[in-house]
Amino acid sequence: MKRIILALITLSIISCNKEPKKGFYLEGKTKGIPDGSYVYIDYENKTLDSTKVENNTFKFNTKLPITPMHLWLHDKDFSNYRAFWAANNKMTFDATNSDFRNAIITGSEVELLSQELYKGTDSLTREQMLKKETKFVKEHPNSILSANILSVYATTFGRDKTKELFDPFSEENKQTQYGQKINKYLELNKNPKVGEQFVDFEMMNKNGELIKLSANKGKVTLLEFWASWCQPCREENPNLVKTYSEFHPKGFEIFAVSLDMNKEVWLETIDADGLAWEHVSDLKGQENEASLIYGINSVPDNFLIDENGKIIGRNLRGDALREKLSEVLQ
């Protein structure tokens, strides 16, 4: 009996001394945030967790599906926010001597690397920043940070340059969520140009029916890439409505591809803006497959396709589109 008790005591001591299982834990310090306010962590526009601020401190103990994971930490109205790379261990966030966006974050090697990369870059032009990030990708082919950067710029770089930067990645890095996005882009992208034939694709319309772009072959068609959240798109819509009203009776069609993710908002915007033409979306946002095929890196963008399937213009807006249609549909 004594031996059994001794064994149980020994097992208990071993269990107590055993290191706790690792997991994401964030301890934060802030300033100026009222007690009872909530802060949130988001991943790809979805809230993963929230916690209350008390005495300018907060804590997260959240189970993350993968790590490293690029998260957004913010308050309710995004007046305070910060992006960071979460690791599967204890991390600290300290904004007591800075604003929220420039808080000191520790506990993640990828976050530390990111801070080093972007330190002092606020004054750089977009071209200078792109050059700096490209250099980083070349020098760090095994870093998930490189995979993230390349996944963002793939459509900007184009297929050839993206492949050149992607090929040296380790297999592990190629299998990350960002590596898979890059690989999907490389598989789908055709990047058709003015003077070439259009590339066909099939996608669900707003009624849930699969529609092909080629269904409009034989008509002059504007392949329009847009999104409900895109302000320049919304500002251009009245011009497009006017152009459609003028030229639709003469054989002009619009095939609009939305980079939305929220179906309800997408449909509400179509009705609100009076967009009376064919609309499709796979509701994958920036990962919309048609946008990857055509190499879209920003919206609005469009391709004008003649009745024979030849691309005869790109990114035509307002008067430029009307002039081209007057010429083609004479």
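The values are calculated or read from the model by the stated rules, or taken from the named source; none is laboratory data. What you see is a predicted model, and the numbers here were worked out from it, not measured in a lab. Methodologically, a virtual Cβ is constructed for each residue, glycine included, from the backbone with ideal geometry; neighbour enumeration extends over all protein chains shown.
Key figures
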read-out: Test for T67: is it closer than 21 Å to F24 by Cβ, polar (S, T, N, Q) and outside any helix (DSSP H, G or I); value: yes
read-out: Scan of the stretch 236-249 for residues that are over 31 Å from the mean Cα position of the chain (by Cα) and either exposed (fewer than 13 other Cβ atoms within 10 Å of the Cβ) or among the aliphatic types (A, V, I, L, M) (or both), ordered by number; value: K242, S245, P249
read-out: Pick from the stretch 220-235, criterion assigned to a helix (DSSP H, G or I) and surrounded by fewer than 20 Cβ atoms within 10 Å (Cβ to Cβ), ranking: farthest from the chain's Cα centre (by Cα); value: E235
read-out: Odd one out for F247, checked against (1) in contact with a Leu (Cβ under 7 Å, 6 or more places away or on another chain); (2) free of Cβ contacts under 8 Å to residues at least 40 places away in the same chain; value: (2)
read-out: The listed residue being in contact with a strand residue (DSSP E or B) (Cβ under 9 Å, 6 or more places away or on another chain), among the polar types (S, T, N, Q) and farther than 15 Å from N205 by Cβ, out of N308, N297; value: N308
read-out: Filter result for E187 (exposed (fewer than 15 other Cβ atoms within 10 Å of the Cβ) and not aliphatic (A, V, I, L, M)); value: yes
read-out: Filter result for the condition that a residue is surrounded by 17 or more Cβ atoms within 10 Å (Cβ to Cβ) and more than 18 Å from K181 (Cβ to Cβ), over N97, N80, N89; value: N80
read-out: Candidates E196, E224 - the one that is in the same structural domain as N308 (by TED's automatic domain parsing) and either among the acidic types (D, E) or in contact with a Cys (Cβ under 6 Å, 6 or more places away or on another chain) (or both); value: E224
